[in-house]
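Worksheet: the structure to be examined is printed underneath.
Please treat every number below as a calculation from the coordinates, not as lab data. Note that the structure is predicted; figures quoted are calculated from it, not measured. Methodologically, a virtual Cβ is constructed for each residue, glycine included, from the backbone with ideal geometry; neighbour enumeration extends over all protein chains shown.
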Amino acid sequence: MPRTQVYHAITERLEILDTEGAVDSELMPEFEPDVIREIYRDMVLMRGMDSKALKLQRQGRMGTWPPIRGQEAIQAGVARAMGDADWLIPAFREHGIMLLRGVPAHLIYAYWAGDERGSSYPEGVRVFPVAVPVGSQWQHGTGVGLSLKLRGEKAAAVTLGGDGSTSEGDFHEAMNCAGVFKTNSVFVIQNNQWAISIPLHQQTAAETLAQKSHAYGIPGLQVDGNDVFAVYSAATEALDRARSGGGPTLIEAVTYRLGDHTTADDASRYREDSEVAEWEKRDPILRLKRYMEINGMWDEAQEQALAEEVLAWVDLQVANLEEMPPQDPRDIFTHMYSELPPHLKEQMGEVLGEVGS
Amino acid sequence: MSTAEIDVTAGHAATEKLTIAQAVRDAMRDEMTRDESVLVLGEDVGIDGGVFRATDGLIEAFGPERVIDTPLAESAIIGMSVGLAATGMRPVAEIQFMGFVYPAINQLLGHAARMRNRTRGRMTVPMVVRMPYGGGIHPPEHHSESYETLFLNTPGFKVVVPSNPYDAKGLLAAAIRDDDPVLFMEPKRIYRAFRDQVPTTPYTVPIGKAAVVHEGDEVTLISWGAMVRVCHDAADMLARENISAEVVDLRTLNPLDRDTILQSVEKTGRAVVVHEAPRTNGFGGEIAALIGEHSLLHLQAPVQRVTGFDVIFPLAKNEHLYLPTRDRIAAAVKKTLDF
């Protein structure tokens, strides 16, 4: 009996915008200059929100914060491709896309400052709360994608997670089930190459993360995650597929975590400054700015005006955060169940006795 | 023998004799008919009708989009259910045996139990997880466990354990309509051990309410699930020795119906808690503490526990050494009487 090839796979990588600001005109999505300026603003807003959180943390006004610096193109590109009916299922380094999908910045701050009200989003915001248990959110993305499919909604569930989370069993189960049920799901790996101190090559022996899609029978694509046009283009293609019943897609967006894992981490213990410096040169915001300048869409005055706008916006978000009234001590009990059971009523009484309410 | 001495079917027009497995199936059928957002998912729940036939006929009635055969992936069954439930569906997930729930613990404890609280009520996961549990059927390894304690120390779940067909149907209907995640433990040892009269029309049995299923005045036997029948047997045996035992079927373990427990114990002055799970840190200890805190001066004797032992559940040949029996229960009762 012969030994034959039963499967052969190719994994593609998409790049549109290079580090110098030049684009591949054939692959470039059609955008009005205004939209490109909006995308740029989205990314600068994210970075403003992120930088401010780091400052607040150092001042003791913020809890542990996982910075998103360097990953703005993924979050702006995917958000731009999403529609009103689409769901976002984030992990915990997705503040930027959460903001763009309708979560107010002061609530994002509130969550990381230790206030559960930060995960109580306004009515109609189709965003799941942050998922801290690594990789667990992939499963929700499959479930939401199935839910949308079963109800015949022309919408998709977009789930994000890190490179480290692809090593979790939940990643495998989620991709496998999404493939089997052809759910309306889009999975985006933010491959920032570091899971706290573990580099990608210690996370997997696979050459890319995108190629894992082949094993689940779903399309996969690698994109330059610091190239907002490539991310947008890949996300649009995947969203169209998901919404029209074509099933799920796995996108690996290759980027770099320019900051520490969180404010409780010191990345200099495990990686070289020279590596970080190399990736600073590939900064997604800088790259888009160069593109806009080359194409006459942006000048120094506009940059200055945006910087001022963002500073004022960030200050307003901090003010909104700090003006939140204190939580009612009863709140730790109130939302455990649809109705407060007797034993929690009793325990609530103990807390109220202690705090003297 | 009937487990329910009180006629629970009074007031219902038509009844039929059903096993627990059939009653569970009928509850799902009724709720799926009532509410289009209810769907069933799990391993072998579709064409096979479930390994215990508890989903028998559902796929024929509702189709593969609402009776979903999943890949072999317990974490995905629960994780997908979180996603489904948070976006408007009411999934009834089956974990084929409670001994296989471990891969799903992250999704259950890390997400399902927490969603309402962590979003301050904005997002909820109205889902039911059905899990056949407990020993007594001589199965292979990992098929006999009673893990209720795992979930009783995790705030956010409701934990329900029926002991008879009437309660099984009514409690499962209530669980499916409930807006919180409900863990529904099915006593597989008595899935088909007996039939009771069950109303043919939909009804609910309230979650959080225990039942006095056998009245007595010298000692209270407190139990749930398959052990309720063993308590009945023990009570019948004790009656022949003129010892009057009351049997309380908790039916729901969280939220616990304290009033029914304490009223009974204050009446009888003695309590024996019976469960299959291991003794140390088992729920019997919690019930003993509760009785001690609230009813100490009514007690004639310390609360006794008749439980599984603190060992790995034995394989078939030694199963009988592990599981509480009516003789062990009767001996514990006599200990409280002789105190």
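Below are the figures for this structure:
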| item | result |
| --- | --- |
| Ratio of Rg to Rh over chain B (Cα coordinates, Kirkwood Rh, two decimals) | 0.96 |
| For the stretch A:35-50 and the stretch B:223-246, distance of Cα centres in Å | 71 |
| Order by protection proxy (mean Cβ within 10 Å, highest first), peptides B:103-109, B:197-203, B:291-297 | B:103-109, B:197-203, B:291-297 |
| ³J(HN,Hα) computed for each position of the stretch B:51-65 - Karplus, 6.51 cos²θ - 1.76 cosθ + 1.60, integer Hz, glycine/proline x | 5, 9, 6, 6, 10, 4, x, 5, 5, 5, 7, 10, x, x, 7 |
| Shielding of A:337-349 by partner chains, average beta-carbon count, 10 Å | 4 |
| Which of B:Ser223, A:Ser119 has the fewest Cβ neighbours within 10 Å, and the rest in rising order | A:Ser119, B:Ser223 |
| For the protein assembly as shown, calculated [θ]222 nm from helices alone, where every DSSP H run of n ≥ 4 adds -39500 (n - 2.57) | -11500 deg cm²/dmol |
| GNM result for chain A, Cα springs below 10 Å: residue of A:Val78, A:Val44, A:Val188 fluctuating most strongly | A:Val44 |
| Selected from A:Thr19, A:Thr204, A:Thr334 as most flexible by GNM, with chain A as the system and alpha-carbon contacts under 10 Å | A:Thr334 |
| Fluctuation leader among B:Phe157, B:Phe194, B:Phe184 - chain B, Gaussian network, Cα springs under 10 angstrom | B:Phe194 |
| The protein assembly as shown - convex hull of alpha carbons, volume per residue in Å³ | 192 |
| The stretch A:13-325 shape via C-alpha gyration tensor axes, a/c threshold 1.5 | rounded |
| Relative contact order of the stretch B:274-314, pairs being alpha-carbon contacts under 8 Å that are 6 or more residues apart, as % | 64 |
| Whole-Hz ³J(HN,Hα) from phi, Karplus 6.51 cos²θ - 1.76 cosθ + 1.60, for the stretch A:320-327, glycine and proline x | 4, 4, 6, 8, 4, x, x, 6 |
| Relative contact order of chain A, defined on C-alpha pairs under 8 angstrom at six or more residues apart (%) | 22 |
| Whether the stretch A:65-179 is rounded, prolate or oblate, judged on the alpha carbon gyration tensor where a/c under 1.5 counts as rounded | oblate |
| The stretch B:137-183 versus the stretch A:234-258: alpha-carbon centroid distance in Å | 39 |
| Fewest-first sequence of A:Asp266, B:Asp44, B:Asp257 by Cβ atoms within 10 Å of each Cβ | A:Asp266, B:Asp44, B:Asp257 |
| Rounded to 10°, Cα long-axis angle of helix B:165-177 versus longest principal axis of chain B | 50 |
| Neighbour-limited loop hits for chymotrypsin sites (Phe, Trp or Tyr not before Pro), the stretch A:262-357 (at most 16 other Cβ within 10 Å; DSSP other than H, G, I, E, B) | A:Tyr270 |
| Rounded to 5, the percent of DSSP beta bridges in the protein assembly as shown classed as antiparallel | 20 |
| Antiparallel DSSP beta bridges within the stretch A:148-245, percent to nearest 5 | 25 |
| Lysines with Cα under 30 Å of B:Lys317, excluding same-chain neighbours fewer than 8 positions away | B:Lys188, B:Lys334, B:Lys335 |
| Rounded to whole Hz, the Karplus (6.51, -1.76, 1.60) HN-Hα couplings of the stretch B:20-32, x for glycine and proline | 4, 4, 5, 5, 4, 4, 5, 4, 5, 4, 4, 6, 5 |
| Virtual paramagnetic centre 7 Å along Cα→Cβ of A:Lys154, amide N under 18 Å, in the stretch A:170-184 | A:184 |
| Proxy reagent accessibility, fewest Cβ within 10 Å first, across B:Thr220, A:Thr249 | A:Thr249, B:Thr220 |
| Per-residue mean of C-beta atoms belonging to partner chains within 10 Å, peptide A:146-154 | 5 |
| Antiparallel %, DSSP beta bridges [both residues in the stretch A:13-325], to 5 | 10 |
| Efficiency of FRET from Cβ geometry, A:Arg13 and A:Asn295, R₀ 25 Å, rounded to 0.05 | 0.55 |
| Per-residue mean of C-beta atoms belonging to partner chains within 10 Å, peptide A:184-196 | 0 |
| Shape call, the stretch B:34-161: gyration tensor on alpha carbons, a/c limit 1.5 | oblate |
